[in-house]
Each structure stands twice: as C-alpha cells, then as structure tokens.
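The values are calculated or read from the model by the stated rules, or taken from the named source; none is laboratory data. All values reported here derive from a predicted model rather than from experimental measurement. Glycine also receives a Cβ, built like all others from the backbone with ideal geometry; neighbour counts cover every protein chain displayed. Ligands, DNA and RNA are excluded from the accessible area calculation, which covers all protein heavy atoms including side chains. Shrake-Rupley method; radii C 1.70, N 1.55, O 1.52, S 1.80 Å.
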Amino acid sequence: MSSVNLMAREVAAKIVFYGPGLSGKTTTLRKVYETVRPAHRGEMMSIATEGDRTLFFDFLPVKVERVGDCSVRLALYTVPGQVFYNATRKLVLQGADGVVFVADSQAEAMDANRESLANLEENLLENGIRLDRFPLVMQWNKRDLDNILSVEDLRRELNPRGVPDFETAAANGRGVMDALKTITRLVIKDLRAKRIVPPPRPAQPGTPPAGLEAQLSQHLHNRQPPAGTPPAPASPTAATIPATPVPRTLTTPAPPRVEPAAMPAVAVTPNTGSKLLGPTSALAPGDLFDHARAAEAAFTAGDYTTCVTACTDAVRRAMAFAGEGSLAQQAFLLHVDGSDLLRLQGLSTLPQLRVDDAAFALYVLMQVFVRLNAVGLPTAG
C-alpha cells in the first residue's frame, strides 16, 4: 500500500516487476537506473544467485511527477522468477500499488509466462486483490532476439484483458521507460480514485496551525509577513535560529515560527522536570526511549543537526531488532519505506539542516517505532 508523508508532502508508491525467471526484470530495472537522473534516484540493491539474478529483491526509489502539491516517489522492486522462491515473491508483492509483468517473447518461454502470470493472480488474491482491478502493464521483452512470438500471439495468450502493453528490449532500453511511465500514470490514477493522495493545503486566513505543521508551513512557504505587520529586523529562518531560543525573539509581533510551545507534547524547558511524552518518545521501545527524548529535545531547542543525528542513530538501533542483515533487508522485513531511510541517511551528509529536515527525521523514526510495535519487537525479557 502506498504511504503518505504529510510532513514532506510526498506520496510513496510501490511498483513490482513480475515475470518468469530470466525474462529481463532485473535488466529492465538496471536500464531504468541508468536512464533516471542521479538526483532523482536512490541506491539500487540486488542479491544474485545461481538459479536467478535476483533472490531477494531489487529496490530503486525514483522520484517522479507531482500530484497536486505532493511529489510522488516510486519504489521499484523485482521478484525472483524461479518457482521455488514463491514465498519471497509473496513478500515482495505485499503492499504493491501496481505491477509490470515482464514476459519473455521467445516461443519456448510461453509456458513459463503463463505459469508466472497465474502465480501473480494467485498471490494477489491472497492479499485480497483481483488482478482485473489492479494497475497492470505488460512488457513483451526480448524483442531484439530471434525466434520470438508475434505481439498478437502474446496478447491472445497473456493479455485478454487488454491492459497497456509494450514491446521492449531491456538490454538496450527500448520501450522500458514507456512502460514505466504508463504504470506510473495508472498507479497515480488509482491513488486518486482511492483518495489516498491528500488534497492541497487549504488557505487558512485565521489561526495558524500549531506544532510541527506550523513550523513546516512557515519554512516551506515564502515566509511573507501578514498584511499590516511592520518589517521585522532580518526575520530569521527556522534554520538560523540559535540553539537556545531567545524569548523576546519568539514573542515579536511576527507570527510564531519556531515556537517551542507549539509542540505541546514535548516539555518546553528541559529543566522543568516535566514528564510529558512527545509523540516520538511515546512510541519508543524502552531501549530507545532516551534516544527519542534526545531527538525531541534537540528539535524543540532548534538544534536540527543534533535532532537528525539522534534520529539516524535511533533508526539504526531500531532496525537491528529485525535481526542481522543489511538495512535493506531489515526495512523489507519490517515494511519500512526504503526511500525514507535513504533520504534520512542522505541528510546526515548535509552541512546545514533545516526544520523540515529535522521534522522528516522524526517522522521516519516514528514510522519505524510503529512498525516495531506492530510486529511485537523488541520482545520482553
């Protein structure tokens, strides 16, 4: 299922490339990776085996067009084609928003194509999804080889529903991006129909929103003072407010921008001894409670670099509860959005961080805590 990051105004959708073994799924994903601009792609991860080029999954977050005032980020996966990896295929398929079925155009591969398509339909049904009501695109791959079936034969055998299909040659990239653009449009259309994409922010001429939403709104918009407000002396942005806010700066006639009290669940003054929990620490397992409180305190103090650092460390420790393995494997097992993790890791390399960076880091940490709670980790005792 797609996820919506309301703080970053970003919708993350999952697209899975499905098909028989060695039909060109991984080659397709590699060609997408080579085509997409580096600024709009994440790290491509792959685990190869003898029987197939992909045992676990390939994962490639790609940022695409906007929907309303939200940007859309695609997480692209492939599944292992071999029959005995069906359990892994089921796991990768969970939460998918669309599928690109990569069929092998060679005549001798038709039985494998039929079997894989039937397997796709069966696995979707186990998740309560009917294939005929699901965003689907067909790739007739390996059109650059000899002894291939005609498109008419492939359509008759594999596409009686008449979904969009494309002749592709993944080895040289022909048709690959056309298929990706089409499945993206179908997924976005489906998200709109399901009302998953949030509506644009309405103008709020009255009372400004409170908490993190207020701080993000102030930072992401033009930061124009309301009509009638006298010019403030070099009105500071959220990213340049001192680590210890000066009360008179926060109580000027200008609308509050990084008001510590705007995050009501977090103690405003650390020395008061208040036991109120912030939203992040309230979700934290006992072993990570102090890390969560440290991140919240840094955010309240305007120390966004420390906040992001604390969140990154807490996320790394939290993911370790999923067991040994790479971060990608841990994220997959916990159903944590890999694109969010990659973006969080990227923040730690920036020389200067802003309020929206810190808010995003807190959001990711809360999502990881929610996933841990959902699966009962860490176990007591």
In the set A314, A320, A358, the lone residue that is in contact with a Phe, Trp or Tyr (Cβ under 6 Å, 6 or more places away or on another chain), within 30 Å of Y77 (Cβ to Cβ), of a type outside the set (S, T, N, Q) and at pLDDT 85 or above is A358
How many residues are among the polar types (S, T, N, Q), open to solvent by 10 Å² or more (accessible area, probe 1.4 Å) and over 23 Å from L145 (Cβ atoms) if we restrict to segment 104-123? 1
Within segment 298-314, track down each residue that is open to solvent by less than 10 Å² (accessible area, probe 1.4 Å), out of contact with any His (no Cβ under 6 Å at 6 or more places or on another chain) and under 12 Å from L344 (Cα atoms). C307, V308, C311
Checking L347 against (1) closer than 20 Å to E10 by Cα; (2) open to solvent by 60 Å² or more (accessible area, probe 1.4 Å); (3) touching a Ser or Thr at 6+ places or on another chain (Cβ under 8 Å), which single condition isn't satisfied? (2)
Given the criterion under 18 Å from Q345 (Cβ atoms), touching a Lys or Arg at 6+ places or on another chain (Cβ under 6 Å), in a strand (DSSP E or B) and at pLDDT 85 or above, identify the matching residue among A75, A12. A75
Hey, L154 hits all of (1) closer than 21 Å to Y77 by Cβ; (2) in contact with a strand residue (DSSP E or B) (Cβ under 6 Å, 6 or more places away or on another chain) but one; which does it fall short on? (1)
